[in-house]
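Derivation of every value follows stated rules applied to the coordinates shown; laboratory data play no part. Here the structure is a predicted model, which means the values were calculated and not measured. A quick note on method: Cβ atoms are made from the backbone with ideal geometry, for glycine too, and the neighbour counts reach across all protein chains shown.
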Amino acid sequence: MPFLDLKAAMCTLAVFLGLVAGTLVADLRAHRNHKSITLPDAMAWSMIYIGAALVFAVYLALNEGIGDMTLFLTGYGLEKALSVDNLMVFGSVFAYFGVKPDYHHRILHFGVLGAMVSRLLFVTIGVGALALIGRPMEIVFAAFVAWSALKLAQGGEEGGEVDHSSRWYIRGVKTWLPVTSQCDGHRFFSLRRATPLFLCLIAIEVTDIMFSFDSVPTVIAVTKSPMLIYSAMVFAILGLRSLYFVLEALKQYLTHLNLAVIGILAFVAFKLAIHGIGGLDISPAVTAGVVFGMLGIAALTSWKVRGFPRNLP
């Protein structure tokens, strides 16, 4: 039986890695010319990445059961929802460093690779801490998620007003590396000097790491399986580049999406807290219903207020 379990786990891992590698290679080949991403192209690639996640979900349903598929899709939906606020900040980072739209995809590509590594580290730490400490750790996670919800409800930082040059990570780069204020095409380094594109990449990576402090506990609230947690996060992260360009065009029509994210974070904090304190649990089906229900209501009410988008670029 242990051998069969190991064999099934290795097959799941192989399918996961195959889908991730295949979509990454295809995306790189399609966008190797450093051109601005159009909305139709971004929407098409968003559908491709969502399709890859759904293929993996179907595989889980056929080989691991409907329960695992539900947990994966709920975690995937949560990570997608939480990434919206992240992507809005990315827009302000690009604007601050004066990065041309032609190079946004390149920076986001390397940002995605870095995010995959950092999520693996944080998932390992989070699941390990939960296994060692037990339910009290869920209370700590609940506090992190509740703090994120409160910060988002208060408006967070106005991304366009942030002076990124004063941030510790940018000061650190300038301490250790010579930096030029001039861009040199798509290069991160020019004449052995870091360009604004490299500084922008560092800002994107650190921003993503900061956001992972609430996203990792949030998905852990759905499932304790490291494979399901990490796969849900990676499939959501893979689609971030395309989603960024879609949101840039549609953000004025999704005015209530932030409210949905705040509500989801508050719900997840509550779910973690009641399980950590009293051992009470909320079923995966109810969790999935709350998450996707809030997102659906936010989309519908936004379109009712702003109208359905027309004449998009």
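Ranked highest first by average number of other Cβ atoms within 10 Å, how do 6-19, 233-246, 129-142 line up?
Peptide ranking by packing, descending: 233-246, 129-142, 6-19.
Can you give the local net charge around residue 144? Use residues other than it whose beta-carbon is closer than 14 angstrom to its beta-carbon, Lys and Arg +1, Asp and Glu -1.
0
Hey, with R₀ at 35 Å, roughly what FRET efficiency would residue 181 and residue 17 work out to, going by the Cβ-Cβ distance, to 0.05?
After rounding to 0.05, the efficiency reads 0.30.
In segment 2-306, what is the count of Lys pairs whose alpha carbons are under 25 Å apart, counting only pairs at least 8 residues apart or on separate chains?
Counting lysine pairs in segment 2-306 gives 14.
Residue 179's amide H: which non-local residues (gap 5+, or another chain) put their own amide H closer than 5 Å, with H modeled 1.01 Å from N in plane and none for Pro or chain starts?
194
In nm, give the distance between the simple-model label positions of residue 24 and residue 154, each being 7 Å from the Cα along the Cα-to-Cβ direction.
Label-label distance for residue 24 and residue 154, simple model: 3.7 nm.
Residue 190's amide H: which non-local residues (gap 5+, or another chain) put their own amide H closer than 5 Å, with H modeled 1.01 Å from N in plane and none for Pro or chain starts?
Residues meeting the criterion, in which the H sits 1.01 Å from N, are 195.
Could you go through segment 277-283 in sequence order and give the Karplus-derived ³J(HN,Hα) for each residue, using 6.51 cos²θ - 1.76 cosθ + 1.60 with θ = phi - 60°, rounded to whole Hz, and x for Gly and Pro?
These are the phi-based 3J(HN,Hα) values: 8, x, x, 7, 10, 10, 4 Hz.
So, in nm, how far is label residue 41 from label residue 113 when the simple model puts each one 7 Å beyond its Cα toward the Cβ?
With each label point 7 Å from Cα toward Cβ, the separation is 2.0 nm.
At 0.36 nm per residue, minus the direct Cα-Cα distance, what do residue 121 and residue 166 gain on full extension? Give it in nm, one decimal, please.
Fully extending the segment from residue 121 to residue 166 adds 13.5 nm.
Given that just one value was derived from the coordinates, which of [x] 19.4; [y] 21.6; [z] 20.5 is Kirkwood radius over Cα pairs in Å?
Given [x] 19.4; [y] 21.6; [z] 20.5, the calculated one carries the label [z].
With charges only on Cβ, +1 for K and R and -1 for D and E, what is the dipole size of the chain about its Cα centre, in debye, rounded to 20?
640
In nm, to one decimal, how far is the modelled label at residue 174 from the one at residue 62, with both set 7 Å along Cα→Cβ?
5.5
List, in order, the whole-Hz ³J(HN,Hα) value for each residue of segment 256-262 obtained from phi through the Karplus relation with A = 6.51, B = -1.76, C = 1.60 and θ = phi - 60°; use x for Gly and Pro.
After applying 6.51 cos²θ - 1.76 cosθ + 1.60, I find 9, 5, 4, 5, 5, 4, 4 Hz.
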